[in-house]
Amino acid sequence: MNDSVATHEAIGFDFSALTGRERYKLLIGAVVPRPIALVTTVDRDGRVNAAPFSFFNCLSADPAILALGVEYRPDGRPKDTGRNVRETQQFTVNIVSHAMLEGMNACATPFEPEVDELAAAGFTLRPGVKVGCPAIAESPAAFECRHHVTLSIGSSRDIILGEVVHAHLHRSVVDAGNLHVDPVALDAIGRMGGHGYSTTRDLFDLPTLSVAQWRALQERSPA
Ligand SMILES: Cc1cc2nc3c(=O)[nH]c(=O)nc-3n(C[C@H](O)[C@H](O)[C@H](O)COP(=O)(O)O)c2cc1C
């Protein structure tokens with residue numbers, strides 16, 4: 001066995017033999033960093049709700065599809081976000097910047113229904129343009145979504161897909177001419193395992209090479 005094989009020695013885990021909690025620990029610890037959607041919704045009476053979700057990503061640009069993994073509560077009831085999306089068919093994803101960290105965490109606190117989480121978080125609301133739920137004005141990028149489809153993947157959670165119908169980006173974050181989004185100005189945070197978070201402050205570029213460029217590089221410095 002050469003040194004690199006020894007360093008790459010792996011422990012195998014049969015997922016069918018693991019509990020849900022054990023799978024969760026391996027997945028959220030290793031699939032990192034995950035972007036965080038602070039999702040705003042309204043209920044049937046127009047009351048606004050906000051909650052963070054890191055089982056979240058952009059899955060397609062055309063159509064523009066964002067995905068959320070929303071668990072049910074331990075007693076089997078849906079979370080407010082899941083219930084509101086089902087009832088109103090809309091939601092807004094607010095990207096979480098480092099400056100929004102504490103407010104985002106306040107929105108994850110399981111307050112009683114009568115507590116206004118957004119007021120507790122100190123966030124300001126911006127009215128929706130194409131959906132009835134507001135965006136969070138402090139968020140550098142917010143995406144209004146219409147419910148596309150919900151995938152029922154088990155008894156404990158749903159995967160909700162939404163199609164983006166409108167976006168709000170802070171002027172300081174986007175170049176309205178070429179649509180370049182400045183990652184430094186965005187200053188998004190990510191979710192790690194456990195209670196961990198990461199910043200996006202250590203950035204680098206790595207363009208994908210053409211085959212000719214890759215071969216030229218190999219000739220200059222063979223592996
Ligand atoms: C950073 C972060 C990420 C989270 N990600 C998820 C997630 O992906 N899915 C989920 O069901 N809950 C997730 N939660 C927990 C929910 O935010 C929490 O249950 C919240 O109270 C749900 O609120 P709601 O009932 O208003 O929808 C996360 C919490 C935090 C702090």
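Only the coordinates and a few stated rules stand behind these numbers; no lab work does. On a predicted model such as this, the values are computed, not experimentally measured, just so you know. Please note: Cβ atoms are built from the backbone with ideal geometry, for glycine as well, and neighbour counts cover all protein chains shown.
Filtered by the rule that a residue be within 11 Å of the ligand (Cβ to nearest atom) and not aliphatic (A, V, I, L, M), segment 174-193 gives 190, 191. Within segment 1-45, the set of residues being surrounded by 13 or more Cβ atoms within 10 Å (Cβ to Cβ), assigned to a helix (DSSP H, G or I), more than 11 Å from the ligand (Cβ to nearest atom) and touching a residue at least 60 places away in the same chain (Cβ under 8 Å) comprises just one member, 25. Here is the figure for segment 46-63: residues that are part of a loop (DSSP other than H, G, I, E, B) and away from the ligand (no atom under 15 Å from the Cβ) total 3. Every condition in (1) surrounded by fewer than 18 Cβ atoms within 10 Å (Cβ to Cβ); (2) away from the ligand (no atom under 15 Å from the Cβ); (3) touching a residue at least 60 places away in the same chain (Cβ under 8 Å) is met by residue 127 except one, and the failing one is (3).
Considering each residue of segment 93-113 in turn, at least one proves to be within 19 Å of the chain's Cα centre (by Cα), more than 8 Å from the ligand (Cβ to nearest atom), within 21 Å of residue 146 (Cα to Cα) and of a type outside the set (A, V, I, L, M, F, W, C).
Give the residue that is surrounded by the most Cβ atoms within 10 Å (Cβ to Cβ), with candidates limited to residues of segment 176-203 that are aliphatic (A, V, I, L, M) and outside any loop (DSSP other than H, G, I, E, B).
Filtering segment 176-203 for residues aliphatic (A, V, I, L, M) gives 176, 179, 181, 184-186, 188-189, 192, 203.
Okay, now just the ones that are also outside any loop (DSSP other than H, G, I, E, B), so 181, 184-186, 188.
Numbers: 181: 15, 184: 9, 185: 14, 186: 19, 188: 21.
The selected residue is 188.
Condition test on residue 82, is it in a helix (DSSP H, G or I), surrounded by 14 or more Cβ atoms within 10 Å (Cβ to Cβ) and more than 10 Å from the ligand (Cβ to nearest atom)? No.
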